[in-house]
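Quick notes on the structure that follows.
Throughout, read-outs are computed from the coordinates displayed, never taken from laboratory work. Just so it is clear, the structure is predicted and the values come from calculations on it, not from any experiment. Because the Cβ atoms are built from the backbone with ideal geometry, glycine has one as well, and the counts that use them run over all protein chains shown.
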Amino acid sequence: MCGIVGYIGYEDVKEIILSGLEKLEYRGYDSAGIALVNEDGVNIFKDKGRIKDLRSIVDENVKSYLGIGHTRWATHGVPNRINSHPHQSCSKRFTLVHNGIIENEVDLRNKYLSDVHFESDTDTETIVQLIQKFVDEGEAVELAIRHTMSEIQGSYALAILDKDDPNTIYAAKNKSPLLAGIGEGFNMIGSDAMAMISRTNMFYELEDKEFIKITKDSIDIYTIYGAKIDKKPFKADIDLSDIEKGIYPHYMLKEIEEQPFVIRKIINQYSNENGYPYIEKEIIDDVKDCDKVYIIACGTSYHAGLVGKQLLEKIANKPTEVIIASEFVYNMPLLSKKPLFLFISQSGETADCRSVLVKIKKMGYKSLTITNVKGSTLSRESDYTLLLHAGPEIAVCSTKAYTAQIAVLSILTTLVNNTISIDIFKELSKIANVMESLCDNVDLYRKLAEDYLLGQRSCFYIGRHIDYFVCLEAALKLKEISYIQTEGFAAGELKHGTIALIEDRTPVIAIITQEAINLNTRSNIKEVKARGANTLVITMKKLSTETDQIVIDDVHEMLSPLVAIISAQYIAYYAALQRGCDIDKPRNLAKSVTVE
Ligand code: M6R
């Protein structure tokens, strides 16, 4: 899961590609590289590190109107200079950047390339050496690339340069996303529209196994067999200000504070002309009609799915199972007679989810995707899509997507069956206001992060019932960006073993939003306190006591995750800030996880 961008046109390409890559850093940031073509040949600058590090090694004096760039999340080979993209064939004629994973690289090396010296440990180098091999055997370049595409198994978005033809970028795609950006006097290629939006908002979307040839004046798209394809371009609906940080020091902070606005936008987007909740009848009918909903998701989206199960079962009376996508693929549960698959994914690109989607589609089951990204792979390949309308989420650490997912799930649920009669828009409007007031308390969160977490190695979030699911998400936020080892725990389960980890001053944060479990969780707080824990309570006004540190205005109990998570997001943010962590780009991670 890397990002690629390419440009051919009339402007010096360096800044176009570097700024494009910066917009793709969410896809990985272990190493980066750029290839610039000019009369001297192909100039390559690459190394481990971020785009800002790449900037410092690119030679200012190299002028070029054709180039390709790459930002990498390492899969094959450690992030060092040699393993950074672009990679070149042994004769240096072909230069290539790649997003994806080639599964049969060892077979291909053995079959075709046993006499070739490989420089890197990457699977990618196999592709570029294979193109060279087929060209050396007499194939024309286009044929050699298509031949290579037919040999490689796995996922790829490729951008390829041929030193002998400095007027063309070749590109190809399978499973990894790729768009061609249409300009006047220039054209582009990129993993996503954000990398190109400052230059163009018109794009072609490539399908799997398509091959593309780009010059500054033309974009020609072909099947893997060489047949030309007529494609309709589309206009991307992205506002440049949505992808800038603006006044905020970090995207994460911006995205936390956008949540009240996102909830209001969701209300707006899911209203009919009379202002009532509305979702396409076909979707509602299919959810009503199924005998069980299977929610498939990963990470934060999985945590939203756990809350979704509560909503679907308690409000809509619909049996629901939530399964981590990477587990479902290899360990499918016994399915009910008429299942409906509900995929939750901010990016809509998560490979683990896609594998499940491919599998269940083959079995003939219906699918619905809840995603933030219109036109994303999961959205395109599912029967139905419900959009989050949260605007681009750039920080690796997901915040506004989580609350948007729960809000959309809550609307879906109440439309399927509203057994406990919730006026969902009234409740969500109230929640947006409560979120806003929570966002006014940043000094408190900063202070609590400092008092409880500075210098700590580990932390626990504890809760029961729906609060337990919020604890899982709160713990993921904290560990993901501050690197404090944090566990979300069912409060009642702690005493069955894990309480052994409580030491003097171990931070234990309890989330209590449900009347039914208030006293039980409070007993668990006493138990850990007696063993030295430094306890902090996040609770609702109606359940609060004088000593609770964070007290939230009351909202509907079933929807409390939407507000309970806000202060946990802030606490994670300030804990990471105080430890000097790279908040928007935590180590070892990427925003969009397109490898299994
Ligand atoms: O794009 P998705 O929602 O499918 O991504 C799933 C997870 O990779 C993602 O939620 C991840 O856990 C977040 N970075 C956590 O903040």
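Results, tabulated for the structure shown:
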{"read-out": "Region 440-565: C-alpha pair distances exceeding 19 Å, %", "value": "43 percent"}
{"read-out": "All-pairs alpha carbon distance profile, the chain, 20 Å steps from 0, percent", "value": "20, 49, 27, 4, 0"}
{"read-out": "For region 126-189, convex hull volume per residue from C-alpha positions, Å³", "value": "82 Å³"}
{"read-out": "Sorted by Cβ density within 10 Å, fewest first, the residues Lys254, Lys175", "value": "Lys175, Lys254"}
{"read-out": "Ordering of 46-53, 22-29 by packing [mean C-beta count within 10 Å, highest first]", "value": "22-29, 46-53"}
{"read-out": "Order by protection proxy (mean Cβ within 10 Å, highest first), peptides 522-529, 506-513", "value": "506-513, 522-529"}
{"read-out": "Length-normalised contact order of region 223-332 in % [C-alpha pairs under 8 Å, at least 6 apart]", "value": "17 percent"}
{"read-out": "Share, in percent, of DSSP beta bridges within the chain that are antiparallel, nearest 5", "value": "65 percent"}
{"read-out": "Fewest-first sequence of Met149, Met540, Met196 by Cβ atoms within 10 Å of each Cβ", "value": "Met149, Met540, Met196"}
{"read-out": "Protection proxy ranking, peptides 261-273, 389-401, 85-97, 33-45, average beta carbon neighbours within 10 Å, highest first", "value": "389-401, 85-97, 33-45, 261-273"}
{"read-out": "Given Lys23/Lys374; Lys228/Lys591; Lys281/Lys426, the pairs whose alpha carbons are separated by over 24 Å", "value": "Lys228/Lys591"}
{"read-out": "Fewest-first ranking of Ser114, Ser379, using other Cβ atoms within 10 Å as the exposure measure", "value": "Ser114, Ser379"}
{"read-out": "Region 456-596, relative contact order in percent, only Cα pairs under 8 angstrom and at least six apart counted", "value": "27 percent"}
{"read-out": "Whole-number percent relative contact order across the chain, with pairs defined as alpha carbons under 8 Å at least 6 apart", "value": "12 percent"}
{"read-out": "Rounded to 10°, Cα long-axis angle of helix 466-482 versus longest principal axis of the chain", "value": "50 degrees"}
{"read-out": "Nearest-ten-degree value, helix 259-269 long axis tilted from longest Cα axis of the chain", "value": "80 degrees"}
{"read-out": "Those aspartates and glutamates that a straight Cα-Cα span of less than 14 Å connects to Lys92, excepting residues fewer than 8 apart in one chain", "value": "Asp40, Glu119, Glu125, Asp136, Asp162, Asp164, Asp165"}
{"read-out": "Principal-axis tilt of helix 442-453 within the chain, Cα atoms, nearest 10 degrees", "value": "90 degrees"}
{"read-out": "Pairs of lysines in region 466-587 (C-alpha under 14 Å apart; 8 or more residues apart or interchain)", "value": "4"}
{"read-out": "Computed lengthening from Asp554 to Asp291, 0.36 nm per intervening residue step minus Cα-Cα distance", "value": "91.3 nm"}
{"read-out": "Cα centroid of region 161-226 to Cα centroid of region 119-149, whole Å", "value": "19 Å"}
